[in-house]
Amino acid sequence: MAKQNTRRRIPALVGGLAIAALTLGFTAAPATAAPPPPLDYVALGDSYTAGTGADGLYWPDDETCWQSEGGYVDLVAATGRVDLVANAACHGAFLVPLGRATPINAQLAGLIPGSLNATTDLVSITAGALDAGSGLALQACSTPDAQLCSLTVAGTISNLQSGSLQGALALTYQTIQAAAPNATITVLGYPRLFDPAQGDIVVNGITVVPVVNQILVNQAIDALNATIAKAVRASSTNAVFIDVTKRFRGHAVNSDNPWLVLRLAPVLPNTRLPDANFHPNDAGHQAYASALLSTVKPAKLVKQ
């Protein structure tokens, strides 16, 4: 089967990924031990799976499926325990056609049956944040306006409680399972973005994200993760929900050791902030890779 390569490859990155894999604690097996064959691995979803934030390119190119090198998918592949067949994830992807990016339902259609089939052993996906309204919430809450933030987050949580996103996510996992009946589907959640204990985020003497807004955003993320976990259970598939909130504790965007990107431009009208904001940086993507591998343990999965 031909491997899909949906990204521009940077040869110099290979050595760096190998080093990163070692930092995750994955070393070669002794010469006397026959290592298990690598698992066929397919990834899809939104910007977190597309690697946004990992390569220092904070303003993605104007294309329908932007991916960044060195994201968690690449780190998992660099361990040698999986064979990355395809990563179809796109920065800015919704579940359905909204915006410019290739939606997740179209990603699935492109993977079936060539890359996603009965021989697929492992699938990873991040999805649902944009559909829940995370973009609007972050836009509203990255201002000093607590009332606007409160109203927007309330709308996001109400949207989540309606059950529509839960149903759409469950259907997505069922579609993946139908195409790849032998695969373990790893559904990764999202980290809390802020540490309110660090106080207001201030730029040039101007409060950009007050503590009250930070708390509200974290509440919305908790509600989103709860919805994703419910969708996994409701799907009655081989899907496993991976909660990353504990791993990211102490590494919010405003912490002393952030694992998430936050580059604030001067507070000026019509200023465009980097698209990589609120996405994992290199350390954050390593945390995602570690979370996936420690949950699934590829050596214990049966090669199909």
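The values are calculated or read from the model by the stated rules, or taken from the named source; none is laboratory data. As the structure is a computational prediction, the values presented were derived from the model and not from experiment. Positions of Cβ are generated from backbone atoms using ideal geometry, with glycine treated the same way; all protein chains shown enter the neighbour counts. Please note that ligands, DNA and RNA were not included when accessible areas were found on the heavy atoms of the full protein model with its side chains. Shrake-Rupley method; radii C 1.70, N 1.55, O 1.52, S 1.80 Å.
Amide H to amide H, with H built 1.01 Å from N, N254 comes under 5 Å of D195, counting only residues 5 or more places away or on other chains. Is the shape of region 45-155 rounded, prolate or oblate, going by the alpha carbon gyration tensor and its root eigenvalues a ≥ b ≥ c, with a/c under 1.5 for rounded and a/b larger than b/c for prolate? Prolate, because a/c is 1.5 or more and a/b exceeds b/c. For region 154-221, relative contact order (Cα pairs under 8 Å, six or more residues apart, normalised by length) works out to 26 percent.
For a straight C-alpha distance cut-off of 16 angstrom, the aspartates and glutamates reachable from K300 (same-chain residues fewer than eight places away being disregarded) are D40, D83, D121. Given a 1.4 Å probe and the protein chains as shown, V82 ends up with an accessible area of around 10 Å². Other residues whose C-beta falls under 14 angstrom from the C-beta of F194 contribute a net charge of -2, scoring Lys and Arg +1 and Asp and Glu -1. Given in Å, the Rg to one decimal and the Dmax to the nearest whole number for the Cα atoms of region 121-165 are 13.1, 47. Rolled with a 1.4 Å probe across the full set of protein chains, the surface gives S124 an accessible area near 0 Å².
Here the translational diffusion coefficient of region 86-230 follows from Stokes-Einstein with Rh set to the Kirkwood radius across Cα pairs; for 37 °C and 0.692 mPa s it amounts to 198 µm²/s. Rg/Rh for region 146-304 stands at 1.03; both radii use Cα atoms, and Rh follows the Kirkwood definition. Amide H contacts for D40 (H built 1.01 Å from N in the peptide plane; partners 5 or more residues away or on another chain; cut-off under 5 Å): D83, D121, L122, Q304.
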